[in-house]
Amino acid sequence: MSTINVKVANIKQVTPLIKHFTFVKEDGSEFPAFSGGSHVVVSLNIGGRVHRNPYSLMGSPGDTSAYHISVRKQEHSRGGSVFMHENVTVGMSLKITYPVNLFSLAKKGRKHILIAGGIGITPFMSQIADLERMGADFELHYAFRSPEHGAFARELEQSCGNKFHCYTDSNGERLNLNELLSKQPLGTHVYVCGPNSMVVAVLEAARNLGWPERHIHSEQFLAPPIGEPFKIQLAKSNIEIQVPAEMSMLEAMEAAGVEPDFLCRGGVCGRCELDVLETDGALMHNDHFLSDAEKASCKKIMPCVSRAKCERLVLDI
Amino acid sequence: TVLYAHSSSTDVNYANTLRKVVPEGLQILDSEQEVQQALKNILPTMHMGMRVYVAGSEEFIWTVAESVKEFGVEDGDIMKELTGTLARSIYCVHCKAITHNITTNIGKCAGCERMLFVRDHFSRRLGAYMGLMVDAESPGELPEIEEIYP
């Protein structure tokens, strides 16, 4: 996959757990244009192994002199965010992919309700720039743990005024989804990005109220789960790969020199889907892309997040 | 909310059945035009979560679709059921007029009086089928006219 060489131009501690990184192109030229909601995948070389973490672009799409991302330090994780916080310094060179948008605004929407939880605020920052430019009707609802964890809240209050509503958990402020979603005019779209429980709650509330699927949008950056090691065989590449406990199949294939297709690396976009030619064990589907029937058929698998318990898992790649 | 009008294309008037079956929000109106107007009156009060189900002739269905589209309801979210008549509205590619209630394979354009062949090409935006002059090459010589959309 094509990458862009970038240099870290600035790092800012925004909240105790969140750092804002500013990237500029190594060669000093302008970045590619992007639309609100896009993300890039940052490659990090940690102890000889390449981690690829997706991060939403937070800056205004109108400014292509720099890309802005924010990273939340995840303690119980595979180390990518910890590395970003503790080892990445100003001036360092990194590789990122071109921006991809799997969370775009519905251009024909009459109104947009944006719901963010914690670090989930990031894709909305660039979306708001687009919404303001379009003169669109929108509301941003931002829920976070406690005041010092509300990244960019003050900035958002200034730019969005009365369109911005925040809910501080520690003050007992709760967003009432049913109330919010039951009185919206026709043509409204709802977008959610945040922890899994919040995304599930919004999807469920909207669906129960009768919102059509195409008016409900969500984005989650789920890290691949850790599991037991297992073996896979690649039919076309003619190699066998041992997938370690803390690596996804996709990462194990990349480490072995294979270059499978990917986009979100989080089990939602479908780009990395592979056909299962043969298996002697059980597939553990961790994605949100395949249908229940497809998962049960064991003929397809999403290597970015799913795993298996087997000696043989022959993939068509 | 149920909006209903009896139409001349069917013999049965379902008004009484609906009165028994629909618990609330039923409006019995006297014509398709009144239904369209009642719909326009109600739409501004509706919220997300509203589902649209429309049953009737094609012309009726697409007029309803046009009204709800103004409020941001997209075509894929409207459940449509064609009932009663197969009659088609045709869009004259020559003078751009739309002629309603054509039940035959060839119909006369209400705008320019050309005899138009009724094609299967359909425009959701216009709610009409494509009609083009059937005797352009040999004026006056028409194929047999048959009622194929009763």
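Numbers at a glance
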quantity: Single residue of B:Pro23, B:Pro44 found to be loosely packed, with under 14 Cβ neighbours inside 10 Å and either touching a Phe, Trp or Tyr at 6+ places or on another chain (Cβ under 8 Å) or in contact (Cβ under 8 Å) with a residue 40 or more places away in the chain (or both); calculated: B:Pro44
quantity: Residue match in the stretch B:48-65 (condition: away from chain A (no Cβ under 13 Å), of a type in the set (Phe, Trp, Tyr), part of a loop (DSSP other than H, G, I, E, B) and out of contact with any Leu (no Cβ under 9 Å at 6 or more places or on another chain)); calculated: no
quantity: Checklist (1) closer than 21 Å to A:Phe124 by Cα; (2) in a strand (DSSP E or B); (3) at pLDDT 95 or above applied to A:Asn53, failing item; calculated: (3)
quantity: Options A:Leu114, A:Leu102; residue that is farther than 20 Å from A:Lys19 by Cβ, in a strand (DSSP E or B) and away from chain B (no Cβ under 14 Å); calculated: A:Leu114
quantity: Boolean, B:His94 is of a type outside the set (Phe, Trp, Tyr), away from every other protein chain (no Cβ under 14 Å) and not in a strand (DSSP E or B); calculated: yes
quantity: Scan of the stretch A:126-135 for residues that are hydrophobic (A, V, I, L, M, F, W, C), in contact (Cβ under 8 Å) with a residue 60 or more places away in the chain and out of contact with any Phe, Trp or Tyr (no Cβ under 7 Å at 6 or more places or on another chain), ordered by number; calculated: A:Ile128, A:Ala129
quantity: Hey, A:Gln233 more than 22 Å from the chain's Cα centre (by Cα), in a helix (DSSP H, G or I) and modelled with pLDDT of 90 or more or not; calculated: no
quantity: Single match in A:Ala223, A:Ala206, A:Ala129 (criterion: within 14 Å of another protein chain (Cβ to nearest Cβ) and hydrophobic (A, V, I, L, M, F, W, C)); calculated: A:Ala206
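Rundown of residues vs (1) assigned to a loop (DSSP other than H, G, I, E, B); (2) over 18 Å from A:Cys304 (Cβ atoms); (3) free of Cβ contacts under 8 Å to residues at least 40 places away in the same chain, yes/no style:
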| residue | (1), (2), (3) |
| --- | --- |
| A:Arg207 | no, yes, yes |
| A:Gly210 | yes, yes, yes |
| A:His217 | no, yes, no |
| A:Gly227 | yes, no, no |
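The values are calculated or read from the model by the stated rules, or taken from the named source; none is laboratory data. In this text, all values refer to a predicted model and were calculated from it rather than measured experimentally. Every residue, glycine among them, receives a Cβ derived from its backbone with ideal geometry; neighbour counts consider all protein chains shown.
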